[in-house]
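Student: To start, I am sharing the structure in question, which I have written as structure tokens.
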Amino acid sequence: QLLEEKVKLERELAERERMASLGQMAATVAHEVKNPLSAIKSITQVMREDETVSREYGRDLDLITGEVDRLNRSVSQLLSFSRPSAVAATPAALSEIVEGILTLTRGEAEQRLVNVSVDLNANPQFDGERTSALKEVLLNLTLNAIQAIHLEGKVRIESQTADGKLRITIIDDGEGISADKQEKIFEPFFTTKQRGTGLGLAIVARRVRELGGEVSIVSPNGDNRGTKFVVTLPL
């Protein structure tokens, strides 16, 4: 038993060292990429203001801007993954956090014709540090749910309390996640998307651990479709 525990601890230590190295690498890459992206976007916006250039190359400039924004989101995920914890924010109630998430994800939802509904039976207040971490968790899970739907569908965000714990559920009616992939989805850099860093759910798992909670997945959620993520946090 002592040998088994020793081997387990050694593996955990090796994994932590590997993740620390990945985090440092991610931060370096992100910083190196962010400045050129900002320059590209600024130049593109200046060119867009020229009527002649805009008339002839408007579609191309819009494409460049869109791709720069997409890369910026990926870079932000890399930076978020490389940070050990979230930066403190203003204290807020759960309803305020969710409202902010809906604003940030509205564009993606409208593009995919996804209806996002909210049913909060519990609305606790969070301090600054927990607000920042929870916002990151819910943003990644909500975006993940919306992007799981190719075109037309529903996403629902629910909350309730029981046994001194807060339970937040994000449900989508997308294609679902197969059992073999469910075992890996919280691993860094694992992704089922053509375009994705594979860090969104890894960040979720890390932030939930920092909050002293747990995150679980149920898929399919019903009618052999859909996925449900459940975040359980101590109150």
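Student: Ignoring the sites themselves, what is the longest stretch of the chain with no chymotrypsin sites (Phe, Trp or Tyr not before Pro) in a DSSP loop and at most 15 other beta-carbon atoms within 10 Å?
Tutor: 1-188
Student: Report the residue, chosen from A179, A202, A92, that carries the largest GNM mean-square fluctuation when the chain is represented by alpha-carbon nodes joined by springs under 10 Å.
Tutor: Most flexible of the set in this elastic network: A179.
Student: Quote the Stokes-Einstein diffusion coefficient, in whole µm² s⁻¹, for the chain, based on the Kirkwood radius over alpha carbon pairs, a temperature of 25 °C and a viscosity of 0.890 mPa s.
Tutor: Translational diffusion coefficient: 125 µm²/s.
Student: Here is a follow-up. Taking the chain as a Gaussian network, Cα atoms linked when under 10 Å apart, which of S76, S117, S219 shows the biggest mean-square fluctuation?
Tutor: Answer for the Gaussian network model of the chain: S117.
Student: Taking only protein heavy atoms into account and a 1.4 Å probe, give the accessible area per residue of segment 36-188 in Å².
Tutor: With all protein chains present, segment 36-188 gives 57 Å² per residue.
Student: Rounded to the nearest 500 deg cm²/dmol, what is the calculated helix-only ellipticity per residue at 222 nm for the chain, with -39500 (n - 2.57) per DSSP H run of length n ≥ 4?
Tutor: The helix contribution divided over the chain gives -20000 deg cm²/dmol.
Student: Considering only protein heavy atoms and a probe of 1.4 Å, how much of the accessible area of the chain is carbon and sulfur, as a whole percent?
Tutor: Result for the chain: 50 percent of the exposed heavy-atom area is carbon or sulfur.
Student: Per 10 Å bin, what is the whole-percent P(r) computed from every C-alpha pair distance within segment 106-235?
Tutor: Bin by bin from 0 Å, the calculated values are 13, 44, 36, 7, 0.
Student: Let me ask something additional. Below 12 angstrom from the Cβ of N72, what's the summed charge of the other residues (Lys, Arg +1; Asp, Glu -1)?
Tutor: +2
Student: Which of these, Q77, Q125, Q111, has the largest mean-square fluctuation under a Gaussian network model of the chain (Cα springs below 10 Å)?
Tutor: Q111
Student: Stretched out fully, how many nm does the piece from L102 to I43 gain, at 0.36 nm a residue minus the Cα gap?
Tutor: 18.2 nm
The values are calculated or read from the model by the stated rules, or taken from the named source; none is laboratory data. Bear in mind that the values here come from a model prediction, so they are computed numbers and not experimental data. Counting neighbours? That spans all protein chains shown, and the Cβs are built from the backbone with ideal geometry, glycine included. Heavy atoms of the whole protein, side chains included, go into the accessibility calculation; ligands, DNA and RNA do not. Shrake-Rupley method; radii C 1.70, N 1.55, O 1.52, S 1.80 Å.
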